[in-house]
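Asker: Can you keep this structure in mind? I'll have questions shortly.
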Amino acid sequence: MDQTDFEELMNVSDGHFGSDKSEGLVKDQSVVTDLIEVATTVGDSSAFARPSKKRKGIDLSKPKVKKEKDKAKETESETEKEKEAGKRKPTRPESWVWAHFTLIEDCDPEYPRATCNWCGTDYACHKKRNGTSNMAHHLESKCIEFLRGLGDPKQPKLSFQPRKKEDGEGAGIKLKGVTFDITACRQALARMIIVDELPFKHVEGEGFRYFMSIVQPLFPIPSRMTVARDCWNLFLSEKATLRSALAKTRQSVCLTTDCWSSVQNLNYLCLTAHFIGHEWKLHKRILNFCQIHDHKGEIIGSKIENCLLSWGIDRVFTITVDNASSNDTVVAYLKGRIIDWNGHIMKGEHMHVRCCAHILNLVVNDGLKDMHESVYRIRNAVRFVRASPSRLQKFKSCVEQARIQEKNMVQLDVPTRWNSTYIMLESALKFQKAFKRSEERDAHFVLDKNLCGSNDPLLSKMAEKMKMKHDKYWGDIRNINMMIFIAVVLDLRYKLKFVEWSFKKLFNEDLADIMYRRVKETFSQMYVNYRSFHGHGNVQDTTQPQYMEINHSHVECDNDSFGLEFDKVMNEDDDMDNQSEVDLYLMEAREKMTSKFDILNWWKVNFTKYPILGQIARDVLAMPVSTVASESAFSTGGLVLNQYRSSLTPKTVEALICAHQMTLKS
């Protein structure tokens with residue numbers, strides 16, 4: 001039955017079925033039901049069935065429910081057949097991470113794992129126990145190779161970058177191809193934390209995170225714990241680089257050391273190395289900033305020994321310390337160890353160098369103990385002027401009226417810094433007229449007119465005490481380290497003639513002659529020691545070749561022996577020339593006295609002319625005469641460890657302080 005026949009059969013008008021002639025034949029509802037069933041069995045009636053509706057008690061929707069039930073039964077039967085055949089349709093992964101992960105086939109089905117297509121990292125991927133969040137986090141934060149919508153990460157993009165002064169490029173900007181590298185960004189972030197002495201939680205601040213979201217939205221901001229690990233890894237990398245450089249060149253070093261107590265009530269030892277590299281540049285590196293439990297000399301010496309062994313340093317030329325009594329024990333302990341190591345040429349001789357800045361500080365403090373009353377009055381006058389903004393403004397008006405052409409104002413000293421007292425007195429002398437005008441205008445300002453009496457007998461008493469402290473350390477010139485005079489000899493502007501002239505100028509003739517001959521002998525002995533150490537002095541005896549048999553190569557052997565004999569004679573002549581290297585240097589004309597003279601550059605240029613003296617200059621000129629280098633590390637330590645940041649471990653403190661200088665120098 002086609003659709004046209006069915007429509008003619010279903011021609012219903014005003015409740016009648018068919019034409020008027022068949023009006024009495026279709027009154028029974030069962031007939032209509034039978035006809036619909038016939039239509040559904042012959043063909044699919046869904047293609048031409050009308051919307052179900054009720055007309056005069058006839059419900060046409062019942063056969064449709066029956067049809068849906070039949071279809072459900074057919075679907076179930078087909079599913080059962082597919083299960084029996086083992087042909088289940090594969091399900092498509094719903095998560096986007098499966099486009100970048102591959103399921104591992106050889107793993108346990110109960111504990112499935114998937115590997116990243118970019119970096120090869122595998123994760124557990126059980127549907128119920130694990131899910132895909134760990135894989136998504138890996139792609140978004142940890143996977144370095146994941147492109148994250150940047151296209152090819154190796155494709156550089158042109159950008160204007162500042163020129164690097166350390167590379168000799170000067171100031172300004174340049175056009176450079178750059179790429180986005182997460183590893184480089186994290187290293188730069190760790191370097192910023194170290195150099196700027198920032199806390200680790202700085203990366204978790206709202207302002208920093210917003211700034212980075214604008215600058216580089218694709219960079220995942222690490223946590224403070226991750227930044228701490230990156231800083232530690234950067235310290236290890238810089239430390240390995242420095243250790244490799246020192247081991248490769250077997251560089252001689254000069255050391256400075258000092259101790260410091262932090263706000264944690266812990267004692268720290270700072271060990272700094274000074275050396276001149278093969279490029280003739282002076283380098284300073286903090287080797288260790290480690291914790292010590294006591295200030296005894298043996299403990300400090302043992303700690304320094306362990307630090308040197310960990311760095312592989314066995315060539316120590318000098319060690320500069322302050323004048324604490326325990327440091328004498330430290331130097332004696334290290335001298336014995338260095339002799340056992342047999343590393344340096346001088347074998348620990350002239351090793352102990354006293355800190356000149358510390359001696360000068362002691363001398364001045366002894367003189368300031370009996371300070372004149374005028375110094376106290378000047379301090380009170382300066383404190384009165386700087387007590388409030390209104391007083392300072394009145395004093396400035398007095399300065400203008402006195403026509404004093406000085407932009408700086410008076411400075412108030414600090415009790416712990418003796419040089420600040422000198423600065424205060426120096427600045428007060430420039431404003432004497434202004435102080436007098438302030439005394440006339442302000443009744444509360446009282447100033448003694450006799451500020452500085454040049455004939456004050458107390459000055460001589462202060463000078464005597466300072467002279468006594470000076471003589472304790474520098475009174476006998478024979479107790480001064482000879483390397484200080486050798487450094488003057490190696491300066492082309494002074495040489496040995498200046499040493500001789502200054503001795504005669506300052507001391508009596510006998511002592512001047514003794515010291516001059518001692519300096520000259522020390523200089524010559526150092527040259528002999530360095531020459532023998534570097535293999536230029538003691539030429540090994542070459543045994544004469546013995547010919548056990550005569551053959552056709554006899555003439556060739558004679559030629560070789562003749563050449564060897566010539567080489568031996570020439571080496572002896574070269575040795576005679578090397579012995580006069582000191583004389584040639586002393587005979588050379590001095591350089592002019594100018595502040596622009598670069599002594600290291602001169603030795604760099606003339607190193608081939610004076611190779612042995614160049615080695616001596618490389619060691620002697622690197623010798624520090626004060627412990628300021630170690631003291632400056634304590635200033636950095638005070639910024640790293642303060643009352644708001646005192647929970648850092650000693651290892652972390654050492655990493656931050658040592659890496660601070662290493663990264664700046666590199």
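Asker: Could you check how many residues of region 579-624 are in contact with a helix residue (DSSP H, G or I) (Cβ under 7 Å, 6 or more places away or on another chain) and either crowded, with 16+ Cβ neighbours inside 10 Å or hydroxyl-bearing (Ser, Thr, Tyr) (or both)? Reasoning before the result, please.
Answerer: Quick first cut of region 579-624, residues in contact with a helix residue (DSSP H, G or I) (Cβ under 7 Å, 6 or more places away or on another chain) only: 581-582, 585-586, 590, 603, 607, 610, 612-617, 620-621, 623.
Now restrict to residues that are either crowded, with 16+ Cβ neighbours inside 10 Å or hydroxyl-bearing (Ser, Thr, Tyr) (or both): 581-582, 585, 603, 607, 610, 612-617, 620-621, 623.
So the answer is 15.
Asker: Take Gly637 and decide whether it is assigned to a helix (DSSP H, G or I), open to solvent by less than 30 Å² (accessible area, probe 1.4 Å) and under 25 Å from Met482 (Cα atoms). Give the derivation first.
Answerer: Values: assigned to a helix (DSSP H, G or I): yes; open to solvent by less than 30 Å² (accessible area, probe 1.4 Å): yes; under 25 Å from Met482 (Cα atoms): no.
No: the conditions fail for Gly637.
Asker: Continuing with the same structure: Please go through region 123-144 and pick out each residue that is farther than 18 Å from Cys185 by Cα and of a type in the set (Gly, Ala, Ser).
Answerer: Keep residues of region 123-144 that are farther than 18 Å from Cys185 by Cα, which gives 123-137.
Hits for region 123-144 are Ala124, Gly131, Ser133, Ala136.
Asker: Kindly list the number of the only condition in (1) at pLDDT 75 or above; (2) in contact with a Ser or Thr (Cβ under 7 Å, 6 or more places away or on another chain); (3) farther than 30 Å from Tyr527 by Cα that fails for Met483.
Answerer: Of the numbered conditions (1) at pLDDT 75 or above; (2) in contact with a Ser or Thr (Cβ under 7 Å, 6 or more places away or on another chain); (3) farther than 30 Å from Tyr527 by Cα, the odd one out for Met483 is (3).
Asker: Checking the structure you have, find out if any residue of region 387-403 is in the same structural domain as Lys433 (by the TED database), in contact with an Asp or Glu (Cβ under 7 Å, 6 or more places away or on another chain) and open to solvent by less than 30 Å² (accessible area, probe 1.4 Å).
Answerer: The answer is no; no qualifying residue exists.
Asker: Another question, if that's okay. Of the conditions (1) more than 30 Å from His470 (Cβ to Cβ); (2) open to solvent by less than 60 Å² (accessible area, probe 1.4 Å); (3) within 22 Å of the chain's Cα centre (by Cα), His274 clears all except one; give me its number.
Answerer: (1) is the only condition that His274 fails.
Asker: For a quick check of your reading of the model, give me the residue pairs whose first member lies in region 282-295 and is at negative phi, whose second is open to solvent by 40 Å² or more (accessible area, probe 1.4 Å) and assigned to a strand (DSSP E or B), with beta-carbon atoms closer than 9 Å and at least 6 apart or on different chains.
Answerer: Phe289/Trp260
Asker: Which of the residues belonging to region 321-354 are hydroxyl-bearing (Ser, Thr, Tyr), touching a helix residue (DSSP H, G or I) at 6+ places or on another chain (Cβ under 6 Å) and open to solvent by 50 Å² or more (accessible area, probe 1.4 Å)? Full working, then the answer.
Answerer: The initial filter retains those residues of region 321-354 that are hydroxyl-bearing (Ser, Thr, Tyr), namely 325-326, 329, 333.
Next, from what is left, pick out any that are touching a helix residue (DSSP H, G or I) at 6+ places or on another chain (Cβ under 6 Å): 326, 329, 333.
Matches in region 321-354: Thr329, Tyr333.
Asker: Further question: Of the residues Arg209, Arg191, Arg229, only one is open to solvent by 20 Å² or more (accessible area, probe 1.4 Å), in a helix (DSSP H, G or I), basic (Lys, Arg) and touching a Leu at 6+ places or on another chain (Cβ under 7 Å); which? Show your work before the answer.
Answerer: Numbers: Arg209 fails: touching a Leu at 6+ places or on another chain (Cβ under 7 Å); Arg229 fails: touching a Leu at 6+ places or on another chain (Cβ under 7 Å).
Exactly one of Arg209, Arg191, Arg229 is open to solvent by 20 Å² or more (accessible area, probe 1.4 Å), in a helix (DSSP H, G or I), basic (Lys, Arg) and touching a Leu at 6+ places or on another chain (Cβ under 7 Å), namely Arg191.
The values are calculated or read from the model by the stated rules, or taken from the named source; none is laboratory data. Just so we're clear, the structure is a prediction, and the values are computed from it rather than from any experiment. We place every Cβ from the backbone using ideal geometry, glycine too, and count neighbours over all the protein chains shown. Surface accessibility is based on the protein's heavy atoms, side chains included, excluding ligands, DNA and RNA. Shrake-Rupley method; radii C 1.70, N 1.55, O 1.52, S 1.80 Å.
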